[in-house]
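Q: The structure under discussion is supplied below as C-alpha cells; questions concerning it will follow.
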Amino acid sequence: MNTTSTRGVLHVHATPQALCPHIRWALESVAGRSADLEWYPQEALPGTVRTTLEWHGPQGTGALLASALQRLRNLRFEVTEEASPGADAGRWAYTPELGIFYGMTDSLGNTVITEDRVRYAYEMAKGDPAALLGQFSLALGEAWDTELEPLRETTITPSNVRFLHRVG
C-alpha cells in the first residue's frame with residue numbers, strides 16, 4: 001500500500017442531476033469514506049450541475065478518481081494531483097465526446113510533453129508540419145480544454161469547495 005500522501009482538486013464541471021448520487025458513491029468507493037458534495041447549477045450548460053472537491057490521499061488517488069468517474073460517462077470533469085516524492089503532478093480531463101485525457105503537469109499547471117511523446121509526434125507526422133501541430137495539440141489536450149473552458153469557473157467560492165481525505 002502506498003503511504004506517500006498528496007492532494008488535488010476534482011472539478012465536476014457539468015453533470016445531469018440524476019448522476020449526483022452515483023458520483024458521490026464513486027468518490028466514496030475511492031476514498032473509503034463519505035463524500036459530502038454541494039451542487040450548483042451550471043449556467044453554461046442548462047440542465048446540469050457542478051461541484052468542486054479538494055482531496056487528500058495516497059499517491060495515485062487522482063488516477064483512481066478519474067477512472068471511477070469516467071465509467072459514469074455522461075459528465076464532464078477534471079482531476080488534478082500534485083507532485084509528490086517519486087511521482088509527477090498530473091491532470092485528467094474527461095468529456096463524453098472525447099473520453100479521457102491525461103497529461104503530466106509542471107508546478108504551474110502546464111502540460112508537459114515527454115521526450116518519448118515528442119518522438120512519437122515526429123514519427124507520426126512524417127515530415128508534415130500540419131500533422132506535427134496536430135500531434136502536439138493532441139498531446140497537450142487542447143480539444144479537452146476547448147470543450148471544458150466554457151464550463152470552468154474563474155473563481156471558486158469557499159462555500160463551493162468540499163474536502164475528501166482517503167482513509168488508509
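Q: Out of the residues in region 29-77 meeting the condition of being in contact with an Asp or Glu (Cβ under 7 Å, 6 or more places away or on another chain) and among the β-branched types (Val, Ile, Thr), tell me which one is nearest to LEU10 (Cα to Cα). Steps first, answer last, please.
A: The initial filter retains those residues of region 29-77 that are in contact with an Asp or Glu (Cβ under 7 Å, 6 or more places away or on another chain), namely 34-35, 51, 61-62.
This time we only want the ones that are among the β-branched types (Val, Ile, Thr), so: 51, 61.
Details: THR51: 8, THR61: 11 Å.
Once the filter is applied, the top-ranked residue is THR51.
Q: For region 45-61, does any single residue satisfy the condition of being touching a Ser or Thr at 6+ places or on another chain (Cβ under 7 Å) and among the charged types (D, E, K, R)?
A: So far as region 45-61 goes, no, none of its residues is touching a Ser or Thr at 6+ places or on another chain (Cβ under 7 Å) and among the charged types (D, E, K, R).
Residue-by-condition table, conditions (1) of a type in the set (Ser, Thr, Tyr); (2) surrounded by fewer than 20 Cβ atoms within 10 Å (Cβ to Cβ):
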| position | (1), (2) |
| --- | --- |
| SER34 | yes, yes |
| LEU53 | no, no |
| HIS56 | no, yes |
| ALA63 | no, yes |
| LEU69 | no, no |
| LEU75 | no, no |
| SER84 | yes, yes |
| PRO96 | no, yes |
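Q: Could you please let me know if GLY134 is free of Cβ contacts under 8 Å to residues at least 40 places away in the same chain, of a type outside the set (Ser, Thr, Tyr) and outside any helix (DSSP H, G or I)? It would help to see each step written out before you state the result.
A: Details: free of Cβ contacts under 8 Å to residues at least 40 places away in the same chain: yes; of a type outside the set (Ser, Thr, Tyr): yes; outside any helix (DSSP H, G or I): no.
No; evaluated as a whole, the condition is false for this residue.
Q: Look through GLN42, GLN17 and report the one residue that is at pLDDT 95 or above, under 25 Å from ASP145 (Cα atoms) and in contact with a Lys or Arg (Cβ under 7 Å, 6 or more places away or on another chain). Can you show your working first?
A: Numbers: GLN17 fails: in contact with a Lys or Arg (Cβ under 7 Å, 6 or more places away or on another chain).
Every option except GLN42 fails the conditions.
Q: Turning to a different aspect of this structure: So, in region 112-168, how many residues would count as being charged (D, E, K, R), surrounded by 12 or more Cβ atoms within 10 Å (Cβ to Cβ) and modelled with pLDDT of 95 or more?
A: Just the residues of region 112-168 that are charged (D, E, K, R), to begin with: 115-117, 119, 123, 126, 128, 142, 145, 147, 149, 152-153, 162, 166.
Then drop every residue that is not surrounded by 12 or more Cβ atoms within 10 Å (Cβ to Cβ), which leaves 117, 142, 145, 147, 152-153, 162, 166.
Keeping just the survivors that are modelled with pLDDT of 95 or more gives 117, 142, 145, 147.
Of the residues in region 112-168, 4 are charged (D, E, K, R), surrounded by 12 or more Cβ atoms within 10 Å (Cβ to Cβ) and modelled with pLDDT of 95 or more.
Q: With acidic (Asp, Glu) and within 18 Å of SER5 (Cβ to Cβ) as the only criterion, which of GLU38, GLU54, GLU97 stands out?
A: On the way: GLU38 fails: within 18 Å of SER5 (Cβ to Cβ); GLU97 fails: within 18 Å of SER5 (Cβ to Cβ).
Only one candidate qualifies: GLU54.
Q: Among the strands (runs of 3 or more DSSP E) confined wholly to region 1-104, which include 1 or more residues that are more than 23 Å from ASP116 (Cβ to Cβ) and basic (Lys, Arg)? If you could, list the steps in order and put the result at the bottom.
A: Details: elements: 5-16, 48-58, 76-81, 89-95.
Here the list reads 5-16, 48-58, 76-81.
The values are calculated or read from the model by the stated rules, or taken from the named source; none is laboratory data. For clarity, every value in this text was computed on a predicted model and none was experimentally measured. Note that we place each Cβ from the backbone using ideal geometry, even for glycine, and neighbour counts take in every protein chain shown.
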